[in-house]
1. Read phi for every residue in the range 12-26 and hand back ³J(HN,Hα) as whole Hz from Karplus 6.51 cos²θ - 1.76 cosθ + 1.60, θ = phi - 60°, with x for Gly and Pro.
2. Could you provide, to the nearest whole Å², the per residue accessible area of the chain with probe 1.4 Å?
3. Rounded to the nearest 20 Debye, what is the dipole magnitude of the range 1-99 about its Cα centre when Lys and Arg each give +1 and Asp and Glu each give -1 at the C-beta?
4. Give me P(r) over the range 43-130, computed from all C-alpha to C-alpha distances, binned every 10 Å, as integer percentages.
5. By how many degrees, between 0 and 90 and to the nearest 10, does the Cα long axis of helix 95-107 differ from the longest principal axis of the chain?
6. If I compute solvent accessible area with a 1.4 Å probe over the protein chains, what percent of it on the chain is carbon and sulfur?
7. At 20 °C and 1.002 mPa s, what whole-number value in µm²/s does Stokes-Einstein give for the translational diffusion of the range 8-48, with Rh from the Kirkwood sum over Cα pairs?
8. Kindly provide the helix-only [θ] at 222 nm of the chain, computed as the sum of -39,500 (n - 2.57) over DSSP H runs of four or more divided by all residues, to the nearest 500 deg cm²/dmol?
Amino acid sequence: ITPAHDADDYACAQRHGLPVVQVFAPDGTVVQDIALPEFAGMSRWRARERVIAALKPTGAYLGKHDAEQSVILRCSRSGDVIEPMLMPQWYVQCGKLAQQADGLVQTGAIELLPGRQRAVWHNWMSGIED
């Protein structure tokens, strides 16, 4: 589980009260203050190879499996893998606004065309996470 680098892992960590530990620096290297200093400063690719090599002799490495449902995000310009990373950012709370907007569509005060889009609209507006 790497809550600082994967949206699903982050949600899992929130449900179970796990700490969010930053593993990668913004430049894609392993952070210096990690508990395993032998990997610090390595590129993410080299670190993955070395972690597997370190796990194998202990019996902790169970193998590699193709993830059928996995979607690997890639940069449109370079083709490089995009590593999600939690960063400080600003945001706008939209929950109340979405609730009001949804109510206006549901009551007919605002009409969506084509009308079949009302269900999609409602799904979007009810799924806001502030």
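1. 4, 4, 5, 5, 10, x, 7, x, 9, 9, 6, 9, 10, 7, x
2. Values: 10510 Å² over 130 residues.
Each residue of the chain exposes 81 Å² on average to a 1.4 Å probe.
3. Values: 10 positive and 11 negative charges, 10 e Å.
That gives a dipole near 40 debye.
4. Pairs per bin, as whole percents: 12, 22, 21, 21, 14, 8, 1.
5. Here the helix axis deviates by roughly 40 degrees.
6. Numbers: 5930 of 10510 Å².
Solvent-exposed carbon and sulfur of the chain make up 56 percent of the total.
7. Details: Rh = 11.1 Å.
Estimated via Stokes-Einstein, D reaches 193 µm²/s.
8. On the way: 4 runs with 45 residues, N = 130.
Dividing the helical sum by the residues of the chain leaves -10500 deg cm²/dmol.
The values are calculated or read from the model by the stated rules, or taken from the named source; none is laboratory data. If you're wondering where the values come from, they're calculated on a predicted model, not measured in any experiment. With ideal geometry, Cβ positions are generated from the backbone for all residues, glycine too; neighbour counts draw on all protein chains shown. SASA here: full protein model, heavy atoms, side chains in, ligands and nucleic acids out. Shrake-Rupley method; radii C 1.70, N 1.55, O 1.52, S 1.80 Å.
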